[in-house]
Structures are given as structure tokens and as C-alpha cells.
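Okay, so here's the structure we're looking at.
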Amino acid sequence: MDITKLTIKEARGLLDNKEISAVELTRMYLDRINLLDDKVGSYLSVTEDMALEHAQQAQNIIDSGKSSLLTGIPLSIKDNICIEGTKTTCASKMLEDFVSPYTATAVSKLLADNAVILGKTNLDEFAMGGSTENSAFKTTKNPFDLTRVPGGSSGGSAACVSASLALGSLGSDTGGSVRQPASFCGVVGMKPTYGLVSRYGLVAFASSFDQIGPIAKTVEDCAIILDSICGNDSKDATSLKYEKDSSYSSSVSGDIKGFKIGLPKEYLTEGLNAEVKESLYKSIDKLESMGAKIEEFSMPVLKHAVPAYYLMSSAEASSNLSRYDGVKYSYRADNCKSFNELIGKSRAEGFGKEVKRRILLGTYALASGYYDAYYKKALKLRTLISNGFNEAFSKYDVVLHPTAPETAFKIGQNTNNPLTMYLADIYTVAVNIAGLPSISVPCGYDSKGLPIGLSFTGKPLGEKDIFRAAANFEAEFADKFRVPAI
């Protein structure tokens with residue numbers, strides 16, 4: 001059986017019709033990982049024994065006729081999300097030997113649905129980066145071109161789904177870390193409303209921005225995963241309490257005739273690659289032919305989103321990462337003669353270059369004398385950006401925009417230019433600043449055959465609107481899922 005175009009929904013049918021067992025399906029993915037992941041580098045650890053044990057348990061559930069949509073479905077998990085008894089490294093030397101003593105709520109929910117966990121995927125160290133080149137252990141390659149990056153920080157998760165090394169994956173999105181790699185790897189990536197999915201068990205980078213989200217081959221598959229992992233959690237103080245009227249996976253049906261879609265003018269200026277722009281306008285024509293009404297609007301404050309995001313997220317990172325001091329967690333420097341030397345040397349040797357850059361930036365922004373000038377001003381911008389989106393959603397059902405200004409770039413191309421790397425987040429960070437849901441779907445391929453992503457952003461708890469818009473577009477897009485030749 002060819003699994004390169006298999007979706008979660010199709011696999012569900014095969015499992016329930018007894019055309020394949022959960023153990024056989026899991027073995028097929030494990031064999032493919034053994035065959036291809038040396039080239040792609042998407043996994044940091046493969047939990048083969050645990051996966052086969054989960055698969056056997058899932059088969060027992062299927063045989064009893066009590067399966068859910070994810071029972072027996074092989075998935076992967078980004079390696080900054082905890083699973084009890086497995087390593088959670090955050091792709092950092094600092095946590096190289098850290099074994100999780102508990103399981104994240106999102107993963108517990110997947111396991112309660114008897115999903116099969118294949119392993120943990122690579123990322124930029126502590127989720128800081130947009131290329132997965134900042135991992136302390138390996139650089140993940142883009143399955144469409146192994147000389148190019150998969151995006152980041154959830155590059156391992158996006159690459160493994162794109163390369164059919166899992167049917168779906170969990171990533172985390174702090175400033176676009178699910179959507180940008182999904183765009184680069186030609187798959188679907190979704191960031192839920194802040195608080196919709198529990199952050200308990202997700203290693204904190206910037207707590208007011210971080211959100212776990214699904215990556216899969218189709219919009220419906222992402223909705224199926226979100227149905228499993230969402231919900232209030234008493235272990236996360238920022239978890240939302242809300243009444244959901246039906247499942248997200250049921251919201252992908254229905255047309256978009258009369259749907260009002262806004263397009264921010266500020267996202268159409270310099271810096272947007274010509275082929276990405278052409279693909280965007282072709283997508284707009286397609287949506288209009290389906291009955292949607294698309295209108296440009298202006299939101300000038302968006303031009304301040306990138307600097308505001310990097311100030312606030314780095315400030316939160318500076319605080320969150322202060323716990324890694326060589327005393328409480330894994331990495332500890334040798335031959336230290338004093339307590340201060342132990343902490344300083346452990347952090348200097350344990351953290352990578354990009355993490356240290358952001359800790360320095362965040363610590364500076366929070367320092368006495370600079371707090372009002374930088375951090376407090378960024379917080380005011382956060383309010384203005386949220387107000388700008390609120391005004392937009394008084395007129396439009398969803399906001400449309402490119403996911404990234406360009407397609408996947410060469411490995412090493414931007415490693416010495418952090419400013420260029422940060423500007424790659426120009427279309428995604430405002431969504432995290434305002435805590436909104438957003439989904440990236442493939443909308444085309446450039447002249448090199450590299451995927452291009454299109455994003456639909458919704459109002460808070462507007463997941464059903466963006467699933468509906470994205471699923472309708474996906475149904476009409478001729479190249480729904482192109483299989484990369486690895």
C-alpha cells in the first residue's frame with residue numbers, strides 16, 4: 001500500500017474496514033522512517049517499542065467497535081512537548097538528557113483517543129528560529145529539496161508529515177512556528193486561539209504567545225486532531241472555558257458564498273516575493289469564483305508587529321529560560337570553582353547562539369531604565385494590534401494573507417543574518433500577538449517546485465470559519481497535496 005497520499009480520514013476507513021491493522025499501519029511508518037529519515041532528519045527520537053504497544057492497544061479498541069477518529073493513527077510530537085518516560089530535549093544541549101516525568105495534556109488527549117505516537121521531532125532550539133537550523137543536534141531538510149530548510153521552529157513536524165513519515169504531528173506556534181514550516185513543506189498547519197489547547201507540558205518559550213497546534217496533509221485532518229486536543233485544563237491557568245457547539249471536523253463542509261474576506265494592504269508591499277504574490281492573487285480569483293467577497297483594507301499598525309513581537313517574546317524567554325542554570329536541569333559545566341561560575345559556564349555552554357541572543361535582547365528590554373522605553377511600549381502596540389484585528393472582524397469573516405514572504409531558502413543562506421530571519425515572520429507574528437486562530441494551506445508552487453502557503457486568520461474562537469474557508473479553497477486547489485520525491 002502506498003502511504004504517501006494517505007490521509008487520517010482515509011486511514012480511519014482502512015482500519016475500521018479491517019483492510020489493514022493498526023500494528024501493520026504503524027510498522028509501515030516505522031519502516032519508512034528507517035528508510036528515509038536519514039535524508040530528511042525530521043525525528044530526534046523514534047519510540048518504536050511504545051508505538052507498537054500503542055498500536056496493539058488501538059487494534060483491541062478497533063476490534064471492540066469503539067474506535068474514535070484517531071484510534072490507531074500514527075502521529076509524531078515536537079520535542080518541546082512532554083511525554084512521560086521519553087526524552088524532551090527542546091533540541092538543546094541544555095536538556096539533552098532530560099526525561100519527562102509527566103505527559104502534556106495535549107498528548108494525554110491523543111493517547112486517550114488511542115492514537116499511536118511514533119516519536120519526537122526536531123525543532124529550532126527552544127522553538128527559537130524559522131529554519132530548524134538552530135537545533136543543537138541536526139538540521140532538518142525540506143523534503144521538496146534536501147538543500148533547503150523546512151522552516152521552523154516546527155520544521156521536524158512539518159517535514160515528517162510532508163515526507164509521509166507520520167500521518168499528522170503536533171507542533172507549537174509562538175510567532176508562526178506551525179504555519180511557516182507547513183507553508184515551506186506543502187502541508188496544512190493550524191494555530192488555534194490562544195488558550196484553546198492546554199499548554200501544560202509544553203516547555204515554555206514565551207508564555208503569552210505559545211500555543212500547540214496540528215500539522216497534517218489536509219484541513220480536515222487538522223480539524224480531527226484539534227477536536228482531540230482542545231478543551232479546558234485546570235493545569236493551565238490560561239486555558240479557556242467555553243462551550244463548543246459541535247466538532248471542528250464537521251465544520252469543513254458548507255460553501256463560502258457571501259463569505260467576507262479582508263486582505264491587509266500592508267502585507268502586499270516590498271519584501272513579498274513575486275511568485276508568492278502571483279500565487280496569492282490566483283487564490284483570490286479562485287475564492288471569488290466560489291462566491292467569496294474579497295476586499296483590501298488598511299491596518300497601519302501591522303508594520304510594527306515584528307519589532308513588538310521580538311521585544312515581548314524575548315523578554316518572556318529571558319524570564320522562562322532563567323530556570324536552566326546547571327542546578328535544576330540537565331546540563332552542568334565541569335570544573336567550576338564557585339556557584340556563580342557554575343551558573344555562568346553552564347548557561348554559556350548549554351545554550352546555542354540564537355537562544356543566547358534572545359535572552360540578551362529580552363533581559364535588556366526588561367532592565368531598569370529601558371522597561372518603559374521598550375517593553376511597555378511593545379505592550380501598548382499589542383493592544384493596538386488586537387484592536388486593529390477586532391475592527392477588521394467587524395467587517396470580515398476572515399482575514400487572508402500570505403503565510404511567508406518567500407518559499408524555502410537554502411540551508412545556511414540566512415544563518416549569519418538574524419534580521420533577515422526575523423523578517424520571515426512578518427505575516428505570522430501579529431496573529432500570535434492578538435491570540436487569534438490561523439491556518440496555512442498550500443496554494444501553489446514556485447518555478448523551482450517549492451510549495452507556497454496561504455493563510456486564513458479568524459476572530460478569537462473563530463476556528464470553524466477558517467476551517468470552512470480553508471477546506472473550500474483546498475477542495476478547489478488542483479495540487480491539493482504534491483508528494484515530494486525524496
Legend entry - Any hit, the range 178-187, residues being within 24 Å of Glu84 (Cα to Cα), open to solvent by 10 Å² or more (accessible area, probe 1.4 Å) and not polar (S, T, N, Q): no
Inset, instruction - Determine, yes or no, whether Thr86 is surrounded by fewer than 24 Cβ atoms within 10 Å (Cβ to Cβ), in contact with a Gly (Cβ under 8 Å, 6 or more places away or on another chain) and either polar (S, T, N, Q) or modelled with pLDDT of 95 or more (or both). - result: no
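Name the one entry in Val441, Val483 that is out of contact with any helix residue (DSSP H, G or I) (no Cβ under 8 Å at 6 or more places or on another chain), of a type in the set (Val, Ile, Thr) and touching a residue at least 60 places away in the same chain (Cβ under 8 Å). First the steps, then the outcome.
Working: Val441 fails: out of contact with any helix residue (DSSP H, G or I) (no Cβ under 8 Å at 6 or more places or on another chain).
It is Val483.
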Inset, instruction - Among what's in the range 19-39 and is under 15 Å from Thr71 (Cβ atoms) and in contact (Cβ under 8 Å) with a residue 12 or more places away in the chain, pick the residue that is surrounded by the most Cβ atoms within 10 Å (Cβ to Cβ). - result: Ala22
Inset, instruction - Taking Ile466 as the residue in question, decide whether it is out of contact with any helix residue (DSSP H, G or I) (no Cβ under 8 Å at 6 or more places or on another chain), modelled with pLDDT of 95 or more and β-branched (Val, Ile, Thr). - result: yes
Legend entry - Contacts under 6 angstrom Cβ, first residue in the range 339-359 being modelled with pLDDT of 95 or more, partner among the basic types (Lys, Arg), 6 or more apart: Ser346/Arg332; Gly350/Lys93
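Would you point out which residue out of Asn387, Asn416 is in a loop (DSSP other than H, G, I, E, B) and either closer than 22 Å to Pro460 by Cβ or at pLDDT below 95 (or both)? Spell out the reasoning first.
On the way: Asn387 fails: in a loop (DSSP other than H, G, I, E, B).
Within the list Asn387, Asn416, the selection yields Asn416.
For the range 445-467, give me each residue that is open to solvent by 10 Å² or more (accessible area, probe 1.4 Å) and in contact with a Ser or Thr (Cβ under 6 Å, 6 or more places away or on another chain). Please lay out each step first, then the result.
Keep residues of the range 445-467 that are open to solvent by 10 Å² or more (accessible area, probe 1.4 Å), which gives 445-449, 459-461, 464-465.
Those that are open to solvent by 10 Å² or more (accessible area, probe 1.4 Å) and in contact with a Ser or Thr (Cβ under 6 Å, 6 or more places away or on another chain): Asp446, Pro460, Leu461, Lys464.
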Inset, instruction - Scan the range 279-290 and give yes if some residue there is open to solvent by 20 Å² or more (accessible area, probe 1.4 Å), at pLDDT 95 or above, closer than 20 Å to Asp425 by Cα and assigned to a helix (DSSP H, G or I), otherwise no. - result: no
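Has the range 476-486 got any residue that is modelled with pLDDT of 95 or more and either assigned to a strand (DSSP E or B) or under 17 Å from Leu263 (Cβ atoms) (or both)?
In the first step, residues of the range 476-486 are kept if they are modelled with pLDDT of 95 or more; the result is 484.
So of that shortlist, the ones also either assigned to a strand (DSSP E or B) or under 17 Å from Leu263 (Cβ atoms) (or both) come out as none.
No.
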Inset, instruction - Would you be able to say whether some residue in the range 208-221 is open to solvent by 60 Å² or more (accessible area, probe 1.4 Å), in contact with a Pro (Cβ under 9 Å, 6 or more places away or on another chain), under 22 Å from Tyr309 (Cα atoms) and of a type outside the set (Lys, Arg)? - result: no
Inset, instruction - Please work out which residue is least open to solvent (accessible area, probe 1.4 Å), limiting yourself to the range 329-349 and to residues that are small (Gly, Ala, Ser) and assigned to a helix (DSSP H, G or I). - result: Ser346
Inset, instruction - Inspect the range 358-371 for any residue being outside any helix (DSSP H, G or I), open to solvent by 50 Å² or more (accessible area, probe 1.4 Å) and of a type in the set (S, T, N, Q) and give the result as yes or no. - result: yes
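Of all residues in the range 222-250, count the ones that are in a loop (DSSP other than H, G, I, E, B), modelled with pLDDT of 95 or more and either open to solvent by less than 20 Å² (accessible area, probe 1.4 Å) or closer than 22 Å to Leu111 by Cα (or both). Walk me through it before giving the result.
The first filter runs over the range 222-250 and keeps only residues in a loop (DSSP other than H, G, I, E, B), leaving 231-248.
Okay, now just the ones that are also modelled with pLDDT of 95 or more, so 231-240, 248.
Then drop every residue that is not either open to solvent by less than 20 Å² (accessible area, probe 1.4 Å) or closer than 22 Å to Leu111 by Cα (or both), which leaves 231-236, 239-240, 248.
Of the residues in that region, 9 qualify.
In the range 251-274, which residues are open to solvent by 60 Å² or more (accessible area, probe 1.4 Å) and either part of a helix (DSSP H, G or I) or in contact (Cβ under 8 Å) with a residue 40 or more places away in the chain (or both)? Explain how you work it out, then say what you get.
To start, the set of residues in the range 251-274 that are open to solvent by 60 Å² or more (accessible area, probe 1.4 Å) comprises 253, 255, 257, 260, 265, 269-271, 274.
Within the range 251-274, Ser253, Asp255, Lys260, Lys265, Gly271, Ala274 qualify.
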Legend entry - Unique match (being open to solvent by 20 Å² or more (accessible area, probe 1.4 Å) and modelled with pLDDT of 95 or more) among Ser64, Ser42, Ser76: Ser64
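Which of the residues belonging to the range 341-380 are among the β-branched types (Val, Ile, Thr) and in contact with a Leu (Cβ under 8 Å, 6 or more places away or on another chain)?
Val355, Ile359, listed by residue number.
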Inset, instruction - With the condition kept exactly as written, say whether any residue in the range 352-369 is among the hydrophobic types (A, V, I, L, M, F, W, C) and touching a His at 6+ places or on another chain (Cβ under 8 Å). - result: no
Inset, instruction - Could you tell me whether the range 117-127 includes any residue that is among the small types (Gly, Ala, Ser), modelled with pLDDT of 95 or more, part of a helix (DSSP H, G or I) and in contact with a Cys (Cβ under 9 Å, 6 or more places away or on another chain)? - result: yes
Inset, instruction - Would you check which residues across the range 90-116 are open to solvent by 10 Å² or more (accessible area, probe 1.4 Å), touching a Ser or Thr at 6+ places or on another chain (Cβ under 8 Å) and outside any helix (DSSP H, G or I) and list them? - result: Glu96, Asp97, Phe98, Val99, Asp113, Asn114
Inset, instruction - Considering only the range 40-75, state which residues are among the charged types (D, E, K, R) and free of Cβ contacts under 8 Å to residues at least 12 places away in the same chain. - result: Asp49, Glu53, Asp63, Lys66
Legend entry - Breaking point among (1) open to solvent by 10 Å² or more (accessible area, probe 1.4 Å); (2) farther than 22 Å from Met421 by Cα; (3) more than 15 Å from the chain's Cα centre (by Cα), for Tyr194: (3)
Inset, instruction - Tell me, yes or no, whether the range 128-147 has at least one residue that is without any contact (Cβ under 8 Å) to a residue 60 or more places away in the chain, among the hydrophobic types (A, V, I, L, M, F, W, C) and either over 21 Å from Gly201 (Cβ atoms) or crowded, with 24+ Cβ neighbours inside 10 Å (or both). - result: no
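The values are calculated or read from the model by the stated rules, or taken from the named source; none is laboratory data. Note that the structure is a prediction, hence the values are computed from the model and not measured. Cβ coordinates were reconstructed from backbone atoms using ideal geometry, including for glycine residues, and neighbour counts include every protein chain displayed. The accessibility values were calculated without ligands, DNA or RNA, using every heavy atom of the protein model including side chains. Shrake-Rupley method; radii C 1.70, N 1.55, O 1.52, S 1.80 Å.
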